[in-house]
Ligand SMILES: Nc1ncnc2c1ncn2[C@@H]1O[C@H](COP(=O)(O)OP(=O)(O)OP(=O)(O)O)[C@@H](O)[C@H]1O
Ligand SMILES: Nc1ncnc2c1ncn2[C@@H]1O[C@H](COP(=O)(O)OP(=O)(O)OP(=O)(O)O)[C@@H](O)[C@H]1O
Ligand SMILES: [Mg+2]
Ligand SMILES: [Mg+2]
């Protein structure tokens, strides 16, 4: 649905190409649904989106095709942050600005990185669990895929924080490859081995929430927070089902990864780039901070910790979708 | 007398090949009817049409005057006809017992009682004096044992019409006798049979009438009694053919193939053998004598436990075929389907593998030189094929055998070892193949002919007879059939 | 009468070449972690393997019949998902057709059967390569989950679809009973029924099977359909275990399925292997996974250890089985 | 003299059954998007397919010889990664051995050859199932990338490894020249060289090949090693194209590799198919991917369309080829 009229209305010159990283996770598919909505709000002339299905080589192909079709700015979310270096170089040579969503490319120029701080997720989860457990006991973290930067950031920050702030807490790390089946099996086995586990940090609510609840239910551990048998669970993503679970007292907290803001500011900065605007490090008008990177700027969007206290906040994206 | 089976005006084409061209056959109730013809005449194609495996392009098949069942109705076909196909229909990974009762392991749809099944299988095999373990996997049987299992299975259906497509090509004398005895008693019970063979003496022994096909057409049908063999051969070949006369020659002095102190557990022991240039040595022996195992050791298909093999002066590493071939060996393996040819590759390519290195430089094989060489071989051995580019899979059984023979001869071997060389080959072709062995010997090659067929052994300067894994006698030229068979059966001495 | 006996015993043993491996794993596991040999942990292993074992059962039958099915892994997620979408309201991610919730299990099985039948149709009728047809179907069937759900996990499921995967019967998970029962049926069916034996004939020599009067096409259709149904059932069990249907359910299973079947002695070339053997293959894989989790091997190196154990099991099954594999 | 001619011509055509499909794709693509038929876009397609096409070349040879190699996809990432780690300093993620940077390409090829040789060793020497051996090796070899890098992307690479994948020669990417050249060599080698023809013999009937004097084991070792080297070269080209070596490089390629080879007429049963056919298969897959990207099909439904196109190509190649596939 892109025509010359929209282009005229948008004022700044040219079409924006966008590549989505994957279509099979709840978080990303919320993001994907926000994109066209935000595009019409911001009057961005958006080309039909491509999808690289979690494969960086497809991402590179898609970007080539988008540029071939006349994209003047690119929004992408490279899940492999190293392997886009050449693509970024080529785009820079063609003077095409790039907005990177969710991940920070290791090398190559970016106009803006739009992302919440994934290390902060891990640290916040660690602090929450550490306090709830009183600084001792055993916790499990259900990791994502270790080859993904976000999974690694969350994992490393969580472990680092536990080591420095709560040295008496034992952490079991389970690499689940973002698979619910593996998560369920590993958690079940670990609970069998260590029935005194008291806390769980899940890297991805979309895939880990249901299996975790199911395992806890089968073990009779799905009880209210005031019950001594309760296991404290912190999730990550902020999808509506996590909020329901928080309301029911089944889990205790989650990190709301702002899918709506990702979509909004990705397009916002893409448009700004086409209009020739520039930004400086420092606080912004939308509760975030821009920081300087060696290869560009990063707008660190707020990622609130959601607990029973603020779960009904209307501003949370998870409360805005059905 | 009514016709039990009749095929009229059958046409069957495979691409450009016309396998049957208006062919017909009529088999009277209760008779044993021979179908003969040269390799590629269309016999096996008619078999697959008469058993419902293939549909004719034109023409019709009648059973007792009624039209044949629909092509998909396998049960109806199986009630009317049982068959021993030329190509093996054994399933190697299943036991002998299960192969015998395939798809009828139990009555109805109840569970199979394996113990009963084994009992029935043992009973069935006992009637043919087939000495195999019914629980052995069929893939572990020797070629002739497998053939016997197939025959026993086909005869056990109780069908009123049985087709046997070259059942004796892989059997030795006593086994053939047992088969004939069985066929006679079936005929007494009124069973109709169609019998295909390239051994005309068998036709005279067991059949009442004979049909001859030539070049995909029906040539004649006659009662066997009183039919001169010349006339039969003439009908098959379209020309007058005289009997083969083995040639005389004087072997040279040089030993071109020698095996010393060869033993292989369970197959043969303490065998010494030496073949001189220009000499043809026969290797004979009844079932399980170990002759094939020995021959396979000589060519390198099998390593012996002890002993050495020297080919043309070179001591060959055990079990190393390429080394033996480099030393100057050519051979025809026992089972052409197993080791003989690559079905999807062309006649030309199959025939010229051993000389590929000579058909071009720097590892390149020139297709035109290959085709030329192949055409030479096709002419020399009279292979019936569309040309050097036809895949061997599309050839008739006997012609495929000739391709294997071509492969053995193509490099002008100094040593030629042929195992059952004329299995499934027609009279005329047999003469061509035996002639080729003798030609090789005249060029100075030493040859070993491994066979139970007395015709094959007649070209030999001497015949080594094996019995239970040992060479028991060295029989010089001039033996009579009786003498040799007696030695093979272990009756003499 | 004396000779056959040892052969019989040997043949029986051939199904059980992995039993020593299982024993070694049990002993090693017990040494490495005290939890390992507890009833609770072993029950967990069985429950965790229940769903995938049904795929192994299906694949073993298909392989024995000389065919191939990669798409089973996609059916695991798609069959229950489509069934759920047919019954739940649009608000819960459904099509809003309002079919009764009790129909969800039969619907899932029907979807599985339909996928199997379509595979069979392409492979048998059009004589296409089973590997590539089912590879394409793996992609397509997964797309049929991803398309209608738009990548979302289905969280709101009818109770009935959760029951089988989460209930306990006589102290053991229902899924374990179901898988055990189906394996028993499979062992019996492929060992003692004519239709079961016909799979071996078809896989061993399809022309000979046809000549013996076996209705080859019909049997093969049946095997593919049964495969789809078993995959759908695996999906139902897994849905109950996980409590939701995510887009990734079943994805990546098929490799483990093949590994289990082949380690267990089923040949990729058809006609060889038993259901009992395949079952031992599943158990080996399940125990290895469990031990690796218990001792907490570093995630980065886990694949190396895991792959090496598959290789070792393969060698043991080769040496004990005494035959070249294919 | 007249009869053989038509058969010969038919056989030639059989390699080219996909040419009509390619023509249709070009026409359809041109209608759907004006960018499609530009030199720039078509060059992109070729460049994008260059690396994977080398895997198809390798797999086609291995399949023709009657074997199987799944691990190629892992070699794509691991071979260049290990080579890089051997030369770069520890600060850049290397082992800190300080080997000279110019060695990186030879080292990568040697690693590829070693992986191929190990596959060959297990399959030929121990007579293990090629499918499962290389499946286990797929997991292990990928672990050999993930373990030492701890999941991190290597992006500080020596210049020399980036050159081939990013340079232009005479206006075309060097990778396209290299792939084109290797395919030409492959077409010639398998058509006219003794050793190439022996692959067909081995794949068609391994016992007959042995009996015809072909050194079967030696040839098979050669094929596996060559496969590993080609996969390593594919990895080098891909590294140059992407500018870094991530943990996901090559992952998931192998299915597309098989699809391309089989659509192009190579049989999974060995002994059948040509390198030219495999090349047409690669082109079909590349064009389909490009068109789907250009028209921007929804990511959710893309797999369904993609899988369906594979099926259609398969049917066309079946109908035009005229023989049942396996
Ligand atoms: N499937 C096939 N494809 C192509 N040609 C075939 C096929 N089957 C048979 N032919 C051809 O049909 C002709 C007749 O073959 P058939 O097998 O009937 O001969 P035959 O009389 O049984 O010969 P033999 O005595 O050698 O067994 C041969 O020229 C053969 O090449
Ligand atoms: N693959 C095998 N494994 C084990 N034993 C075998 C095998 N093949 C043959 N045998 C057995 O070895 C013995 C000798 O076999 P061989 O084939 O050498 O005898 P033969 O002289 O060829 O007999 P025939 O005339 O029946 O072919 C026989 O008892 C046979 O059953
Ligand atoms: Mg015949
Ligand atoms: Mg023999």
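Each reported figure results from applying straightforward, stated rules to the coordinates on display, with no laboratory input. None of the values given here were measured: they were computed from a predicted structure. Virtual Cβ from ideal backbone geometry, glycine too; neighbours counted across all protein chains shown.
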Completion exercise
Under the helix-only model (-39500 (n - 2.57) for each DSSP H run of 4 or more, divided by the residues of chain C), the mean residue ellipticity at 222 nm, to 500 deg cm²/dmol, is -23000 deg cm²/dmol
Problem - Shielding by partners, peptide A:52-58 (average Cβ within 10 angstrom, other chains) - result: 6
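Place the peptides B:365-377, B:471-483 in order of packing, highest mean first, counting for every residue the other Cβ atoms within 10 Å and averaging per peptide.
Working: B:365-377: 17.8, B:471-483: 13.6.
Top to bottom by mean Cβ count within 10 Å: B:365-377, B:471-483.
How big is the Cα convex hull of chain B in projection, averaged over all directions, in nm²?
Values: hull surface 97.2 nm².
Mean orientational projected area (chain B, Cα hull): 24.3 nm².
How high is the relative contact order of chain C? Use alpha-carbon pairs under 8 Å, at least six apart in sequence, and give a whole percent.
Numbers: 542 pairs, mean separation 104.8, N = 326.
Relative CO of chain C lands at 32 percent.
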Handout entry: Most mobile listed residue (C:112, C:265, C:213) in chain C, GNM with C-alpha springs under 10 Å
Key = C:213
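Take the alpha carbon gyration tensor of region D:60-134, find the square roots of its eigenvalues, order them as a ≥ b ≥ c, and report rounded if a/c is under 1.5; if not, report prolate when a/b exceeds b/c, else oblate.
Numbers: a/c = 2.97, a/b = 2.72, b/c = 1.09.
Verdict is prolate for region D:60-134.
Between residue A:300 and residue C:188, how high is the FRET efficiency from 1/(1 + (r/R0)^6) when r is the Cβ-Cβ distance and R₀ = 45 Å? Nearest 0.05. Numbers along the way, then the final one.
Numbers: r = 63 Å, r/R0 = 1.40.
With R0 = 45 Å, the Cβ-Cβ based efficiency is 0.10.
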Handout entry: Full-extension gain in nm, residue B:393 to residue B:107, via 0.36 nm per residue minus C-alpha separation
Key = 99.2 nm
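So for region B:255-488, averaging the separation of alpha carbon pairs under 8 Å that are six or more residues apart and normalising by length, what relative contact order in percent results? Let's see the in-between values first.
Numbers: 503 pairs, mean separation 65.6, N = 234.
That works out to 28 percent.
Please say if region C:5-320 is rounded, prolate or oblate, where rounded means a/c under 1.5 for a ≥ b ≥ c the square roots of the C-alpha gyration tensor eigenvalues, and otherwise the choice is prolate for a/b larger than b/c and oblate otherwise?
oblate
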Problem - Diffusion coefficient, µm² s⁻¹, Stokes-Einstein with Kirkwood Rh over alpha-carbon pairs of region B:255-488 at 10 °C and 1.306 mPa s - result: 89 µm²/s
Fill in the blank from the handout: Given all pairs of distinct Cα atoms, region A:178-298 yields a Kirkwood Rh in Å of 16.9 Å
Fill in the blank from the handout: Here FRET efficiency (C-beta to C-beta, residue D:102 to residue A:109, R₀ 30 Å, nearest 0.05) is 0.55
Problem - When the convex hull of its Cα atoms is projected in every direction, mean area for region A:60-119 (nm²) - result: 3.7 nm²
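From Cα pairs below 8 angstrom and at least 6 apart in sequence, can you work out the relative contact order of region A:42-199, rounded to a whole percent?
Working: 219 pairs, mean separation 27.8, N = 158.
Once divided by the residue count of region A:42-199, the mean separation gives 18 percent.
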Practice task
Would you mind giving the three semi-axes, in whole Å and largest first, of the ellipsoid equivalent to region A:152-203 according to its Cα gyration tensor?
Solution key: 20, 16, 6
Exercise for the section: Note down the nm distance, to one decimal, between modelled labels 7 Å out along Cα→Cβ at residue B:75 and at residue D:16. Expected result: 5.1 nm
Completion exercise
In degrees, nearest 10, the alpha-carbon axis of helix B:427-442 is tilted away from the dominant principal axis of the alpha carbons of chain B by 10 degrees
Practice task
Could you order peptides A:33-40, C:34-41 by the average number of other Cβ atoms within 10 Å of their residues, highest first?
Solution key: A:33-40, C:34-41
Exercise for the section: Give me the number: length gained by fully extending residue B:486 to residue B:305, i.e. 0.36 nm times residue separation minus the C-alpha to C-alpha distance, one decimal in nm. Expected result: 62.2 nm
Problem - Average beta carbon contacts from partner chains per residue of B:74-80, 10 Å cutoff - result: 2
Exercise for the section: Would you mind checking region D:79-94 for residues with the amide N under 19 Å from a putative spin-label position 7 Å along Cα→C-beta of residue A:156? Expected result: D:85, D:89-94
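Can you order the peptides A:170-182, C:272-284, B:120-132 by their average number of other Cβ atoms within 10 Å per residue, highest first?
In decreasing order of mean packing, A:170-182, C:272-284, B:120-132 become C:272-284, A:170-182, B:120-132.
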Fill in the blank from the handout: Most exposed to least, judged by fewest other Cβ atoms within 10 Å, B:109, B:338, B:218, C:142 sort to B:109, B:338, B:218, C:142
Problem - Cα principal axis extents for region A:85-234, largest first, Å - result: 61, 32, 23
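How many times 2.2 N^0.38 Å is the alpha carbon radius of gyration of region D:77-118? If you can, show how the numbers build up before the last one.
Details: Rg = 10.0 Å, N = 42, 2.2 N^0.38 = 9.1 Å.
The reported ratio for this selection is 1.10.
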Practice task
Please work out which residue of chain C brings its Cβ closest to the axis of the rotation superposing C onto D, and round that distance to whole Å.
Solution key: C:269, 4
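What does the extension gain come out to for residue B:9 and residue B:55, with contour length at 0.36 nm per residue minus their alpha carbon separation?
Working: separation 46, 0.36 × 46 = 16.56 nm, distance 1.31 nm.
Taking residue B:9 through residue B:55 to full extension adds about 15.3 nm, to one decimal.
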Completion exercise
Output field shielding_mean for B:404-413 (other chain Cβ, 10 Å radius) holds 1
Handout entry: When the protein assembly as shown is reduced to its Cα atoms, the Kirkwood hydrodynamic radius in Å
Key = 35.1 Å
Problem - Cα→Cβ-extended label distance, 7 Å offset, between residue C:195 and residue D:91, nm - result: 7.1 nm
Completion exercise
One finds the C-alpha centres of region A:140-195 and region A:204-231 to be spaced, in Å, by 16 Å
Exercise for the section: Relative to the longest principal axis of the C-alpha atoms of chain A, give the angle of the C-alpha long axis of helix A:26-42, reported between 0 and 90° and rounded to the nearest 10°. Expected result: 30 degrees
Practice task
Any chance you could check the Cα centroid distance between region A:261-322 and region D:99-149 for me, in angstrom?
Solution key: 44 Å
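Take every DSSP beta bridge whose two residues both sit in the protein assembly as shown, then give the antiparallel share in percent to the nearest 5.
Working: 61 of 130 bridges.
Roughly 45 percent of the DSSP beta bridges within the protein assembly as shown come out antiparallel.
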Handout entry: Distance histogram for region D:199-295 (every C-alpha pair counted, 5 angstrom bins, percent rounded to whole numbers)
Key = 3, 11, 14, 19, 20, 14, 9, 5, 3, 1, 0
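Give me the percent of DSSP beta bridges within chain A that run antiparallel, rounded to the nearest 5.
Just about 20 percent of them are antiparallel.
For residue A:313 and residue A:224, FRET efficiency with R0 = 22 Å and r from the beta-carbon atoms, rounded to 0.05? Before the final figure, lay out each step's value.
Working: r = 22 Å, r/R0 = 1.00.
Given R0 = 22 Å and the Cβ-Cβ separation, E is 0.50.
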Completion exercise
Under the 7 Å Cα-to-Cβ spin-label approximation, residue D:295 and residue B:442 lie apart by a distance in nanometres of 7.2 nm
